[in-house]
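Here the structure is laid out as structure tokens; the discussion comes afterwards.
The values are calculated or read from the model by the stated rules, or taken from the named source; none is laboratory data. None of the values given here were measured: they were computed from a predicted structure. FYI the Cβ positions are ideal-geometry reconstructions off the backbone, even for glycines, and counts take in every protein chain you see. Quick note on the areas: whole protein, heavy atoms, side chains included, nothing else; ligands and nucleic acids left out. Shrake-Rupley method; radii C 1.70, N 1.55, O 1.52, S 1.80 Å.
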Amino acid sequence: MPEPIVIVEDLKVYFYTYAGVVRAVDGVSFEIYEGETFCIVGETGCGKSVTSRALTKLIDPPGRIAGGKVLFKDRSGRYINMLELDEETLREMRGKEIAYIFQDPAAALDPLYTIGYHFIETMRDHGTIRSNKEGIERAIELLREVAMPAPEVRVKNYPHELSGGMKQRAVIGIGLSNMPRLLIADEPTSYLDVSVQAQILELLRQLKEKRGLTLLMITHDMGVVAEMCDRVAVLYAGHLAEIGPVDRIFMNPLHPYTQALLRAVPNPTRRMLKLEPIPGNVPNLASPPPGCRFHPRCPYAMDICKRERPKMIEVEERHRVACWLYAKR
Amino acid sequence: MPALIQVENLKKYFPVGGKLLVKQWVKAVDGVSFEIYEGETLGLVGESGCGKSTTARLLLRLEEPTDGKVLFEGKNIYKLRGRELKEFRRKANIVFQDPYTSLDPRMTVFDIIMEPIRVHKIDVGDPEQYVLKLLYEVGLNESHMYRYPHEFSGGQRQRIAIARVLALRPKFIVLDEPTSALDVSVQAQILNLLKDLQKKYNLTYLFISHNLAVVRYMSHRIAVMYLGKIVEIGDAEEIFESPLHPYTRALISLIPVPDPFQARKRKKLMIQGEPPNPINPPPGCRFHPRCPFAKDRCKKEEPKLIEYSKGHYVACWLYS
Amino acid sequence: MTNLKRFLIRRFLTFIPTLIGVTLLTYVIAFIIPANPARFWAGGLKARPDVIQMIIHEYHLNDPWYVQYYYFMKGILTNSMIDPVTGYHVMSYILSRFPITFQLALFGFFFTVVLGIPLGIISALKRDTWVDALVRVWSLIGVSVPIFWLGYIFIYIFFYKLGWITIAGIPYPPKTITGVPIIDAILEGAWPVVIENIKRFILPGFTLGFASIGVVARLTRNAFLDALNSDYVLFAKARGLKKLRVYGHALKNTMVPLVTVLGLQFGGLLGGVPITETVFGIPGMGRAMVQAIFSLDFPVLIAGTFMIAIIYVVTNLIVDILYAFIDPRVRY
Amino acid sequence: MPGHPLDRLSDAFISLIARVMTRVNPKWLERNRYKLEEWRLMLYALNRSPTGIAGLILAMGFVFIGIFGPYIAPHSYDFSYIAATGKYKLYWLAPPGTGGAILGTDDLGRDLLSQLLYGARISLVVVALVLPVGISIGVILGLLAGYYGGAVDEAIMRVTDIFLAFPGLILALALTSALTMRIAYAIANNPWLTSFVSAVFALKPSDALNIAPTLAIIVALWLVWWPGYARLVRGMTLQQKGNVFVMAAQALGMSSREIMFKHILPNILGPLLVFMTLDVGNVILVEAGLSFLMGGQIKIPEWGAIVQHGSQYLVNGAWWLLIFPGLAILLAVLGWNLFGDALRDILDPRTRRSIEFR
């Protein structure tokens, strides 16, 4: 049994906006084991991206990390709390220990610099290389590793000269340039076409195997979850609804939200006569419903759901849910 | 069954780059023919830049074509003038992808839904009653009537857009990726609403999407587009159960399936690279550089769309 | 680079209609000035009829307006036309005054850039603090002050009260190379002349640039904030780049919209030149044109507008070239 | 945000509107509830912007003095203390506070305060005549160019470019000098025009001819003002045209004219309003600059001309002849600029929220 590389405890990220405090992530706990692919799945505004950014305190004002711990296992096996590190140490962790890939590869690359320059500066600022020449050589190697066609040419290209899929390959290559141990991929394929999406997912899978990476995937697509993940955390409106191994989540979804979500997603391999939509809309997090945040849309809502927030309960092995239906009273 | 819409060899080229000197053309739609029957949903799938949205706009004459014609109820829509054109605009309409910019932010829901009525000067009796009826029909209510679009969520806005189109009691609606900007939990609501409305009013849909799962759920027949051309068209179930064109086969095998067991078992037909630039499409079959089955012939000659089995057409040298 | 050359030529060709349009417009305005220019040029009420006839013949004043326009433009472009009021060759006259105006605009532009951009960046970094508010209010005051008034206040303080500056004459270096005094002085190493030039032009330049400083500061602030909120900056932070490097990315991207605005501001500065030159008694092109209007001297007026239109065109071209250097997405 | 006294004033204002409109149409309130709420929020946002309030007060002050200045002025604009009292030594360039002259007098013993108050009227009339015409031309051309594109766009923008390449001040000055005589003739030959012009500008009929340069400036500014708006509106139109609701309107069968005026124009009205507000200041400034350049003796009390005239007496230490007229211009212009700047934030829903809840 591998050890966790990241342990998140009661993480809270609040945005102090004009309209009041938005509790984008409100008391979320989970752990990511070394070498696994862990997915955070949820809809727009559920706090999945914010959670992933909070791991390295990549939160800009008006956002603030309001509480909790993020324990990261460093190379010597000790756990350090990321949220207590100073800015310089954090900077060194970002990109070197924990790398990010974002949704829109076209926006993530600075249009005014070549692909090669992105590699060079990333490695330079972490002291991985000594000269620009070495940087270019490493960049070409990395681009080859991410299966970029004609890498020698591509290092000299500007981002706009690359297609969407190539840009995402470049972004992945840049992310890997300092040999990180945890790769956080925030919706890495939602801007890409189906055929390219499959290529990128395949690439991520291969890189993970080859390099022994731990992968944290953020996605809204249940299909991507099923294809890629070992374990899944389902977020709803800043709360963790359910967490467990991927098979159990799909076979035996416990939370009414997970159940409803799976029924609302069309399956392309099956002929479906009727989808069952979830009634209502995602709540506004500036004034979320009290108690369980899903209760206004939940078919099983009870009185207690409206008053008290449910605790996480382990219903079967490694499969936990936050729902009053499973509480022993 | 009579075809409500017949598209014949439709082409749309856009000029690019050098204004005065060399003219290059983006061949967004390059000779497309198909028909849509009354009361059915034709799904149009393809990756970004394949020309599906341009096709949609051409079908509603929101763009003038470079060549070809579209017959709506037997009449070429590009020849319509004056009252006939207005009548066509009443019968055929569109719901757009982005519900955030498709509603004028300066108008109330009431004004938005009444606008088509005013434009076409239709007598609907009490306007408030009429709008209210439409609001109920799309799952909204009287409390929404005098609000502004920015107060609504994406799904609700899409409902308003649907109500606006329904106001004219159209026959044909183009649905241009109507749910791709929405969350999955809301997507199903809108899809079901569209299905119910179709049944109730015998609407004909052209449903455009890049999401094959949604297309399968919505469509009776499906057309697959690649780089401005239709490569396969046929009954929805047949396309999904026994796809012919290598591109269709790849697409279907590559969609992530929301089922981990199935995902592990499934065999994937990977295709390399990305769709090439529609300015300089490859010669011969446009898919050949990415096709795992490409032969010499594919590089030189362009395959025609042939009827492989009844109602199932494919443009590929493997089947001729 | 051949692409760039071809692009520049093409751009320049599209500017020809603009140049013709501008001079034609001036001509039309001059044409509707109701007084009789020939009589005026010949010496007003006491003019001798034969001189008037000579002037009418010389300047084709009895021909249709388009013929007149043709001869005017030809006379100006070939520098063969003699100005009826001053007696100089028209183009030589304008060209002799242009370097002074250019130097004034350079000083104004210097203040615009050197104060405007840093203020904008500080404002963005200290967003929503009193520093930001101060820069904002100051830039609003900048565009609200009548520059002739500001100029006189400076003159009152620094000339009448403190006596630090002079407001007469232009210090020229011994030799003429480019014609622009301060550049020539620098090239020749005549440092005392350089200092005299700075003393002479610093206040007019600051007055001229006063409004632009605020405008540029505001724009820099907004563009810099946009850049800081962009995805590439987020990605740069996520890669653990050093803080200065992250700001470097944002700054370079800020330059893209800034270059356009700086180009426009340079044109705007030239627009303010007539007033500044009048206030500070600088014998530049702007003042010459104002005087030309009052003395119905429209050869000078047309030649002057022609020069200004050329500067406008050239500024646009320079902006285009800078764009190409900064932004690789720009293709020709 | 309770407790803000200005908010209560705003509420009272809003409910007054609601009451009046409901009297006219009983259903008005129900239909416009959200619009009212929006207005209320805008007012709240304005209340939270001290610079905006200051700007509003200054701007309204300018309008007020522009209208009533001539009536509250202690003397007529051409009144001379020297002529009235014969005390040449006392009233020649008398500093502020001298025997009744609150802001001092000029070389002819004229009362500076009265001149400035009359001058406000001239500035106000110029603004009121220049902006509507200049903006209308620019907006219509910009809409046409942006909406139709192609050859229409090319033609309009070429002409706009020519005007923009032209130094505005010189163009206006040339036009002014070209038109002054004709306008003077027109005034001299039409008695009704004489009395009308002198009434509007609050001048004595004997001075009506002297307003000819100002009228010429107005005509000149019409020509100078539209190109900026044409370019601005064209850009905004292009942006709005990219919105899907424009295509939705086309799909509904709306005509281009309807789309331009019902969908595009209302959506660019907000930013346009901001520009117009800022431009009130610009017109005052440019007009002052032109009258400054025209110079000469002040026969009518234009602010720019007063500064120009006053500058000649700096040698005599008569700072008030420079400072006060300049301040008058500065405050009027600054007022509109501050207000316009606040308006920009208030009309943009994103920034408005951040002010509202401050």
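Details
- Taking the range C:178-332 and dividing mean pair separation by its residue count, relative contact order in percent (alpha carbons under 8 Å, at least six apart): 20
- Amide hydrogen proximity for D:R110: with H placed 1.01 Å from N in the peptide plane, the residues at 5 or more positions away or on another chain lying under 5 Å are D:Y81.
- Computed per residue of chain D from DSSP H runs no shorter than four, each worth -39500 (n - 2.57), the mean residue ellipticity at 222 nm is -25500 deg cm²/dmol.
- Relative packing of C:14-21, B:234-241, A:127-134, which averages over residues the other C-beta atoms within 10 Å, highest first: B:234-241, C:14-21, A:127-134
- Contact order, relative form, for the range B:3-319: 20 percent (alpha carbon pairs under 8 Å, 6 or more residues apart, mean separation divided by residue count).
- Where D meets C: accessible area buried, both sides, 1.4 Å probe, Å²: 3900
- Evaluated over chain A, the Cα radius of gyration and Dmax, each in Å: 20.6, 67
- Calculated over the protein assembly as shown, the projected area of the Cα convex hull averaged across directions stands at 60.4 nm².
- Relative contact order (percent, whole number), chain A, Cα cutoff 8 Å, 6+ residue spacing: 19
- Applying a 4.7 Å Cβ-Cβ cutoff to chain B, the cysteines left without a disulfide-compatible partner are B:C50, B:C291, B:C316.
- Counting only residues at least eight positions apart within a chain, or on another chain, the lysines with an alpha carbon under 23 Å from that of D:K87 are D:K299.
- Basic side chains Lys and Arg get +1 at the Cβ, acidic Asp and Glu get -1 at the Cβ, and with that the dipole of the range A:1-129 about its Cα centre reaches some 140 debye.
- Interface area, chains A and B: about 3700 Å² of buried accessible surface, summed, with a 1.4 Å probe and ligands, DNA and RNA left out.
- Here the calculated FRET efficiency for C:Y88 and D:I17, from their Cβ-Cβ distance with R0 = 60 Å, stands at 0.35, rounded to the nearest 0.05.
- Within the range B:205-293, the trypsin sites (Lys or Arg not before Pro) that combine a DSSP coil assignment with at most 10 other C-beta atoms in a 10 angstrom radius are B:K267.
- At R0 = 60 Å, FRET efficiency that the Cβ-Cβ distance of C:D50 and D:W28 yields, to 0.05: 0.15
- C:M81, B:M270, ranked by accessible area, largest first (probe 1.4 Å): B:M270, C:M81
- Structure remark: mean-square fluctuation, Gaussian network model of chain A, C-alpha springs under 10 Å; the largest value among A:G280, A:G42, A:G63 belongs to A:G280.
- Among the protein heavy atoms of the range C:97-289, carbon and sulfur supply 71% of the accessible surface, probe 1.4 Å, non-protein parts ignored.
- Simple label model, 7 Å out from Cα along Cβ direction - C:S295 to A:R64, nm: 7.0
- Top positive-direction residue, dipole computed over the range B:3-319 with Cβ charges, set B:M114, B:G273, B:V224: B:G273
- Long pairs among A:K48/A:K167; B:K69/B:K195; A:K306/D:K27; B:K52/B:K199, criterion Cα-Cα beyond 31 Å: A:K306/D:K27
- GNM on chain D, alpha-carbon springs under 10 angstrom: the most fluctuating residue among D:S255, D:S198, D:S76 is D:S255.
- Restricting the range D:26-92 to trypsin sites (Lys or Arg not before Pro) in coil, as DSSP defines it, with at most 15 other Cβ within 10 Å: D:K27, D:K87
- This model, with +1 at the C-beta of Lys and Arg and -1 at the C-beta of Asp and Glu, gives chain C a dipole about its Cα centre of some 1220 debye.
- Rounded to the nearest 10 Å², the accessible area of C:F31 at probe 1.4 Å: 100
- Residues whose amide H falls under 5 Å from that of A:V232, counting only those 5 or more places apart or on a different chain, are A:C39, A:G244, A:V246, with hydrogens built in the peptide plane.
- B:T55 contributes about 0 Å² of solvent-accessible surface, heavy atoms of the protein only, 1.4 Å probe.
- Peptide C:136-143 - average C-beta neighbours from other chains (10 Å radius): 4
- A:D303 paired with B:N141, simple spin-label distance in nm, labels 7 Å along Cα-to-beta-carbon: 2.5
- With Cα atoms defining each centre, the range D:40-79 and the range D:153-168 are spaced 35 Å apart in the structure.
- Under 14 Å from the Cα of B:K12 - aspartates and glutamates, other chains or at least 8 residues apart: B:D30, B:E63, B:E64, B:D67
- Given +1 at the Cβ of Lys and Arg, -1 at the Cβ of Asp and Glu and no other charges, the dipole of the protein assembly as shown around its Cα centre is 1120 debye to the nearest 20.
- In terms of accessible area, using a 1.4 Å probe and ignoring ligands and nucleic acids, C:K237, D:K299 rank largest first as D:K299, C:K237.
- For peptide A:272-278, the mean count of partner chain Cβ atoms within 10 Å of a residue's Cβ comes to 6.
- Buried accessible surface for the B/D pair, both sides summed and rounded to the nearest 100, is 2300 Å² with a 1.4 Å probe.
- Here, P(r) means the percent of Cα pairs in each 10 Å bin from 0 to the largest distance; for the range D:69-343 it is 7, 25, 28, 21, 12, 6, 2, 0.
- Per residue accessible area in Å² of the range B:3-319, where ligands, DNA and RNA are left out and the probe is 1.4 Å: 40
- Choice from A:S177, A:S195, A:S76 with maximal GNM fluctuation in chain A (Cα, 10 Å cutoff): A:S76
- Over all pairs of different C-alpha atoms, the range B:180-320 has a mean inverse distance whose reciprocal, the Kirkwood radius, equals 16.8 Å.
- FRET efficiency, 1/(1 + (r/R0)^6) with R0 56 Å, evaluated for C:Y66 and C:K175 via beta carbons: 0.80
- Phi to ³J(HN,Hα) by Karplus 6.51 cos²θ - 1.76 cosθ + 1.60 over the range C:124-138, Hz, x for Gly, Pro: 5, 5, 9, 3, 6, 10, 5, 4, 4, 4, 5, 4, 4, 5, 5
- Solvent accessible area, Å² - C:F102, 1.4 Å probe, full protein context: 60
- The distance between label points at D:R257 and C:I20 comes to 3.4 nm (points 7 Å beyond Cα on the Cα→Cβ vector).
- Here the mean projected area of the convex hull built on the C-alpha positions of chain B is 18.9 nm².
- Sulfur and carbon atoms: percent of accessible area, the range D:69-343 [1.4 Å]: 68
- The listed residues A:R78, C:R200, once ranked by accessible area (1.4 Å probe) with the largest placed first, stand as A:R78, C:R200.
- Accessible area in square angstrom per residue, chain C, 1.4 angstrom probe: 45
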